2 protein chains.
Amino acid sequence: MKYIVALIAFFCSISANAQQKDEEVIQKIYSETLTHSKTYDWLRYLSKHIGARLSGSPEAAAAVEFTRQLMDTLALDRVYLQEVMVPHWVRGEKEYAAIINAKSIGTKQVNVCALGNAVGTGPAGLTAGIVEIKNFEELAKLGKKAISGKIVFFNRALSSTHFDTFEAYSGAVNQRSSGASEAAKYGAVGVVVRSMTTSLDDVPHTGALRYAADLPKLPAVAISTNDADLLSSLIKGQTDLQFHFRTHCQILPDVRSYNVVGEIKGSQHPEEIIVVGGHLDSWDLGEGAHDDGAGCVQAIEVLRVMKSLGIKPKRTIRAVMFMNEENGLRGGTKYAELAAKEGNKHIVAIESDRGGFTPREFSADTTPEKLAKMAAWIPLLKPYGISDIGAGEGGADIGPLKPLGTALMEFVPDPQRYFDVHHTAEDTFEKVNKRELELGAGAMTALVYLLAEYGL
Amino acid sequence: MKYIVALIAFFCSISANAQQKDEEVIQKIYSETLTHSKTYDWLRYLSKHIGARLSGSPEAAAAVEFTRQLMDTLALDRVYLQEVMVPHWVRGEKEYAAIINAKSIGTKQVNVCALGNAVGTGPAGLTAGIVEIKNFEELAKLGKKAISGKIVFFNRALSSTHFDTFEAYSGAVNQRSSGASEAAKYGAVGVVVRSMTTSLDDVPHTGALRYAADLPKLPAVAISTNDADLLSSLIKGQTDLQFHFRTHCQILPDVRSYNVVGEIKGSQHPEEIIVVGGHLDSWDLGEGAHDDGAGCVQAIEVLRVMKSLGIKPKRTIRAVMFMNEENGLRGGTKYAELAAKEGNKHIVAIESDRGGFTPREFSADTTPEKLAKMAAWIPLLKPYGISDIGAGEGGADIGPLKPLGTALMEFVPDPQRYFDVHHTAEDTFEKVNKRELELGAGAMTALVYLLAEYGL
């Protein structure tokens, strides 16, 4: 009995010592990033100097080179590119759209932008009657007779009553991603989608659509929420209302591009890989500051802090700048394809792609056992604003790693302001707060440190 | 035994029913405020139309009248004013300050603002040698010989390594509040204080100082953090550096002003009072949007939501707009004085004075028993981003209620951006996010509902 008690006391003291050491390391991590981080300067460069960087654009190539050179200064074990062919959609000349009602308002210009991957209308534009729809069931019910030859206006607003705006987004985004092909089933000629935001303003939000292979490809635009409300009010009771829009977008041949990877080799288990990443491409409006310049510089900061503090992680850590999250996911797919071949074990991948806001949680798509192991770390992270590690989603880019048994995780910052700027001209550097960005980097570094120390 | 089991089952079912009812009510509260709130419009009026409203100013009088009229539209049981005489400090003409070094840079203008309650320099201004000091111990060590006839430059920066920026503020603010009198002890002629922010920028932050009664009153200004760093770098090794500043502030006779109170009478325990409030006055720079227009409109929203949902609170709820938090606390003191006389029991007071940011917690200065009772409500609030009700501070205005045994509570939103704008020209309406403001109102309404339902 005495031995058992002594043994328990011994293991408790080991565990208490380990906890104290972890507390100290995590405190150092936050101090380092909150006082010496260059993430804000890196993001300024990516946002203000390079700017919007849609896949296939010269700016996307610049972003690849910038982050490669940046990681080359950090004395990592390896910095390399993963070649990947990406789609090359271009918006072309600025869009124009108007509500036409000869009887009352005449022609009223409204704020729109083409949806990503959409075909253009050609220079003459498209003019047709317009039908307002809330969901696909209503569309099906109206059927060909009401829809054929018309422009379909998808106007289901994001619910503002969720604390988590991503839930609101999930409840509305199928209008944008699938609305064009759904409308095509019933002979529509074009699509207008209410912008994906809870805000009421004049800013249209772009984002990807996917055409079904076997249906006509309809031109499609997003309309600002204020103009969606105006359009909706004008439609009521006016059967002769027409809508006109001109878009000049087109899909050009695929372009050679790259994921950018920086790596610190694990000191004890180099074959166990921890990925931390964001996506380097952004939509062509704005500067891709929150989406997802923030995630990229945070991932690089994880490596910089490790090196700067002289932490030798037991497992291998890779910061990955994925290419083409926004309109193809080719970078994430390519990464997983190469990961499957390399023979190492990707134990966990963490994505930061919800903006550079104050940390709140991490979510994880993994087994209950692994989740429980990580949940035990919450007390270490709580002093820095992380209140939970719960079951949830991983990010888009790391999704293709799932078949490898990789635990998929997402950094979950405060979600209130993200959809004010998401996929718009408003997603600029000025919308990112320095401390919030750095705290996100701190949270990711702290979690990666624990994962590297204890595995999963 | 059977009876006991039946009894336990009965009480459990009551408790489960109560919890379900509370969940439903709280869900309705959030839905109401996130879809029908006018808090953002109210704040726009207070910030953009009325603007800065320092105690004693015409704008402070306008704010009293605006909030009184606003609450009059809400069909409350009572809306009334509490008369209180407030100090009337005025800044006067814009300040000027410069570093003077004939040998190298010549005259370099820097960004300053007078500290609140400070005396002015007079039109000729003040020119003297300058000594940089980090803390009062260093000041004492240098003593009269080094300090006499000099301007003291307090340059202890806020630590950026705390998650909670209010801790950083607490660790530095004595330089602003007491620095002038501390320096006066050693014969200094003026004081320059580094602005109370972790940001590096060109914006000076005002805020109150308190003069000791028995010491000379020195003119005092805050200098922007960028200029503080510049000044510090120039001081090093240059004994002949001089500093000049001119301030035109003065203290005018006290002015009659008011706290504004709106009340819904409790249906079962009208004698138990729950106070929810913010302060109506603001500094004269900026628009007092985060500090503390946000807290005022949130407190009013608590009453509006109750009325709008038809909730009849069991205990009396008062929304109080306190006057003169910034430079005198006369409103809070007056409220407590009247509360002591009225014979009702103030069970709890909640202040919102940390900006209109996303909710994170409530803190409470009360007994462990009452804290434990409230902590049991956390699961009801967690879906809306409130992760804790912990021991901590109440707000300044409600502090004087402490001798009445009132539990003092503070709404604790995310603290990262507050000190970017606190007490500056940057504290404008545009810095407040609509959803963040509304979620704060929802959090306060939900907590007040539970307190009104169950008491403390």
Testing the spin-label approximation: label points 7 Å from Cα along Cα→Cβ at B:A128 and B:S159. State their distance in nm. 3.1
Gap separating the Cα centres of the stretch A:239-281 and the stretch B:343-386, nearest whole Å: 43
For the protein assembly as shown, alpha-carbon Rg and Dmax in angstrom: 30.0, 95
Counting DSSP beta bridges with both ends in the protein assembly as shown, the antiparallel % (nearest 5): 55
Please work out the average accessible area per residue across the stretch A:362-413, using the 1.4 Å probe convention, and give it in Å². 37
Along the Cα→Cβ direction, 7 angstrom out, place labels at B:I251 and A:A16. What is the inter-label distance in nm? 5.4
Within the stretch B:14-100, which trypsin sites (Lys or Arg not before Pro) sit in a loop by DSSP and count at most 13 neighbouring Cβ atoms inside 10 Å? B:K94
For chain A, size of Cβ-based charge dipole, Lys and Arg +1, Asp and Glu -1, in debye: 480
Please list the radius of gyration and Dmax for chain B, considering alpha-carbon atoms only, with Å as the unit. 24.1, 95
Modelled FRET efficiency - R0 30 Å, A:Y454 with B:A396, Cβ distances, 0.05 increments: 0.10
Shielding by partners for B:154-162, please: the mean number of other protein chain Cβ atoms within 10 Å of each residue's Cβ. 3
Provide an ascending nm list, one decimal, of label-point separations from B:N226 to the equivalent residue in each further copy; define each label point as 7 Å from Cα along Cα→Cβ. 3.1
Round to a whole number: what % of the accessible area of the protein assembly as shown belongs to carbon and sulfur, probe 1.4 Å? 55
Chains B and A: accessible area buried, summed over both chains, 1.4 Å probe, nearest 100 Å², reads 2100
Test of understanding: what is the full-extension gain from B:K94 to B:K108, defined as 0.36 nm times their sequence separation minus their Cα-Cα distance? 3.3 nm
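Give, as a single signed number, the net charge of other residues whose beta carbon lies under 15 Å from the beta carbon of B:N135, with Lys and Arg counted +1 and Asp and Glu -1.
Here the charged neighbours net out to +2.
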Net charge contributed by nearby residues that have their C-beta within less than 9 Å of A:S387 (K/R +1, D/E -1): +1
Cα-based helix-to-principal-axis angle, A:225-235 vs chain A, degrees rounded to 10: 30
How far is A:D240 from itself in the other copies, in nm, if each label sits 7 Å out from Cα along the Cα-Cβ line, shortest first? 8.7
Using the Cα centre of the protein assembly as shown as the reference point, and only Cβ charges (+1 on K/R, -1 on D/E), how large is the resulting charge dipole? Debye, rounded to the nearest 20. 240
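Considering every residue in B:374-387, what mean count of other chain Cβ atoms within 10 Å of its Cβ is obtained? The partial results should precede the final answer.
Values: counts 0, 0, 0, 0, 0, 0, 0, 0, 3, 3, 3, 7, 2, 7.
Average per residue, whole number: 2.
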Fully extended contour minus Cα-Cα distance, from B:A61 to B:T367, at 0.36 nm per residue: 106.4 nm
Would you mind checking the tilt of helix A:174-184 against the longest principal axis of the Cα atoms of chain A, expressed as 0 to 90 degrees and rounded to 10? 40
How high is the FRET efficiency from A:Q69 to B:L142, r the C-beta distance, R0 41 Å, rounded to 0.05? 0.30
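Return the average number of partner chain Cβ atoms within 10 angstrom of each residue Cβ along peptide B:411-418. Don't jump to the answer; show the numbers that get you there.
Numbers: counts 0, 0, 0, 9, 3, 12, 5, 0.
Per-residue shielding by partner chains comes out at 4.
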Rank by packing, highest mean first: peptides B:154-167, A:132-145, with packing defined as the count of other Cβ atoms within 10 Å averaged across residues. B:154-167, A:132-145
Along the axis that rotates chain B into chain A, which residue of chain B has the nearest beta-carbon, and what is the gap in whole Å? B:S387, 2
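By DSSP, what percent of the beta bridges with both residues in the stretch B:94-248 are antiparallel, rounded to the nearest 5?
On the way: 16 of 29 bridges.
Taking every DSSP beta bridge within the stretch B:94-248, about 55 percent pair in antiparallel fashion.
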Top positive-direction residue, dipole computed over the protein assembly as shown with Cβ charges, set B:L439, A:L252, A:L280: B:L439
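Let's see if you can work this out: charge +1 on each Lys and Arg Cβ, -1 on each Asp and Glu Cβ, no other charges. What is the dipole magnitude of the stretch A:94-248 about its Cα centre, in debye to the nearest 20? Kindly include the intermediate steps, with their values, before the conclusion.
On the way: 16 positive and 13 negative charges, 106 e Å.
Charge dipole, the stretch A:94-248, about its Cα centre: 520 debye, nearest 20.
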Which distances in nm, rounded to one decimal and ordered from shortest, link the label point of A:D202 to the equivalent label points in the other identical copies, with labels set 7 Å from Cα toward Cβ? 2.8
Rough spin-label spacing in nm, given labels placed 7 Å along Cα→Cβ, for B:L81 and B:E337: 1.7
Among B:T406, A:Q20, A:V84 the positive-end extreme of the charge dipole of the protein assembly as shown (Cβ point charges): A:Q20
Mind jotting down the three principal axis lengths of the stretch A:259-377 based on Cα atoms? Whole angstrom, largest first. 44, 34, 34
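Can you give the Kirkwood hydrodynamic radius of the stretch A:66-109 from its Cα pairs, in Å with one decimal? Walk me through the numbers before you get to the answer.
Details: mean 1/r = 0.0628 Å⁻¹.
Radius from the Kirkwood sum: 15.9 Å.
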In the stretch B:430-456, which residues give up 10 Å² or more of accessible area once the other protein chains are added, compared with their chain alone (1.4 Å probe)? B:N433, B:R435, B:E436, B:L439
So if I take the alpha carbon set of the stretch A:94-248, get Rg, then get Rh from the Kirkwood formula, what is the Rg over Rh ratio? 0.94
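The values are calculated or read from the model by the stated rules, or taken from the named source; none is laboratory data. Bear in mind that the values here come from a model prediction, so they are computed numbers and not experimental data. With ideal geometry, Cβ positions are generated from the backbone for all residues, glycine too; neighbour counts draw on all protein chains shown. In case anyone asks, the SASA skips ligands and DNA or RNA and just uses the protein heavy atoms, side chains included. Shrake-Rupley method; radii C 1.70, N 1.55, O 1.52, S 1.80 Å.
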